[in-house]
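Colleague: Take a look at the following structure, please.
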Amino acid sequence: MTSALPEIGGLTIGILGGTGDQGRGLAYRFARAGLRVVIGSRTPERATTAAAELATMPGVTGQVSGAANAECARGADVVIVAVPWDGHGETLQSLRDALSGKIVVDCVNPLGFDAKGPFAVKVVEGSAAEQAESLLPLSRVCAAFHHVSATLLIDPNAVAVVMALAAQISGMRGIHAGRLRNAGQVEALTANLIAINRRYKVHAGLRVTDL
């Protein structure tokens, strides 16, 4: 039921790490929904190039631009973190001031890869989202879009905004799945999904039933 969700058409969505596969995918979906999207990158030129490419993709009706991560963070109302895990902490620490007061949606999965395949990395704070919360005390941190399905949030007002964002993606509905401390198992489950997809050469996902 999306009718009870807030109107988000006027929001600007920033995506840190928006030139990567996950970030670009989310940027495309939101741009197709008509939202303003800013793709962020450590290299502004890469962000601008990615934004120009995305703007020409089928169905895009929203405004898309590219910027350095700091500019992206300052200019957005909602900031999605889609950077690689190995740069997660350093990136957020450097953007602490720029992200102050923002809704920050962390969709990073702490994973490692070796000859045996993907595996979940233990995070001292419990999860990538909880690490973000510890590094960004003045931000409203949420966890979502790890499998482009689950929404695990801590701020009840931010819950509605992120669920409304999920509703902008065709065929998707945001589900409130508990407090931020539950984010760890959702992040770790991504290793299983990657292993399934590699073994069976598919693009498997998760579906919550009976809701």
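Colleague: Residue by residue through segment 83-107, note down the ones that are crowded, with 17+ Cβ neighbours inside 10 Å, modelled with pLDDT of 95 or more and not in a strand (DSSP E or B).
Modeller: Scanning segment 83-107 gives Val83, His88, Gly89, Thr91, Leu92, Leu95, Ala98, Leu99, Lys102.
Colleague: Identify, by number, the condition in (1) at pLDDT 75 or above; (2) touching a Ser or Thr at 6+ places or on another chain (Cβ under 9 Å); (3) of a type outside the set (Asp, Glu) that Gly126 doesn't meet.
Modeller: Single failed check for Gly126: (2).
Colleague: With Ala67, Ala73, Ala82 as the choices, which residue is touching a Pro at 6+ places or on another chain (Cβ under 9 Å) and within 21 Å of Ser100 (Cβ to Cβ)?
Modeller: Unique residue meeting the criteria: Ala67.
Colleague: What are the residue pairs meeting all of these: first residue in segment 77-95, first residue in contact (Cβ under 8 Å) with a residue 12 or more places away in the chain and hydroxyl-bearing (Ser, Thr, Tyr), second residue buried (at least 18 other Cβ atoms within 10 Å of the Cβ) and outside any helix (DSSP H, G or I), Cβ atoms under 9 Å, and 6 or more apart or on different chains?
Modeller: Thr91/Leu16; Thr91/Gly17; Thr91/Val81; Thr91/Val83
Colleague: Name the pairs whose Cβ atoms lie under 6 Å apart, with the first residue in segment 133-145 and basic (Lys, Arg), the second not in a helix (DSSP H, G or I), and 6 or more positions between them or separate chains?
Modeller: Arg140/Ile103; Arg140/Asp155
Colleague: Looking only at segment 5-35, count every residue that is over 20 Å from Ala70 (Cβ atoms) and either among the small types (Gly, Ala, Ser) or surrounded by fewer than 17 Cβ atoms within 10 Å (Cβ to Cβ) (or both) and tell me the total.
Modeller: Counting residues in segment 5-35 that are over 20 Å from Ala70 (Cβ atoms) and either among the small types (Gly, Ala, Ser) or surrounded by fewer than 17 Cβ atoms within 10 Å (Cβ to Cβ) (or both) gives 9.
Colleague: Restricting the first residue to segment 56-68 and requiring it to be at pLDDT below 95 and aliphatic (A, V, I, L, M), which pairs with a second residue that is outside any loop (DSSP other than H, G, I, E, B) and crowded, with 17+ Cβ neighbours inside 10 Å meet a Cβ separation below 7 Å and a spacing of at least six or different chains?
Modeller: Qualifying pairs under 7 Å: Met57/Tyr28; Val60/Ala31; Val60/Arg32; Val60/Leu54.
Colleague: For segment 108-122: of the residues being out of contact with any His (no Cβ under 9 Å at 6 or more places or on another chain) and in a loop (DSSP other than H, G, I, E, B), which is modelled with the lowest pLDDT?
Modeller: Filtering segment 108-122 for residues that are out of contact with any His (no Cβ under 9 Å at 6 or more places or on another chain) and in a loop (DSSP other than H, G, I, E, B), the one modelled with the lowest pLDDT comes out as Lys116.
The values are calculated or read from the model by the stated rules, or taken from the named source; none is laboratory data. What you see is a predicted model; the values in this text were computed from it and never measured. All Cβ positions, glycine included, derive from the backbone under ideal geometry; neighbour counts span all protein chains shown.
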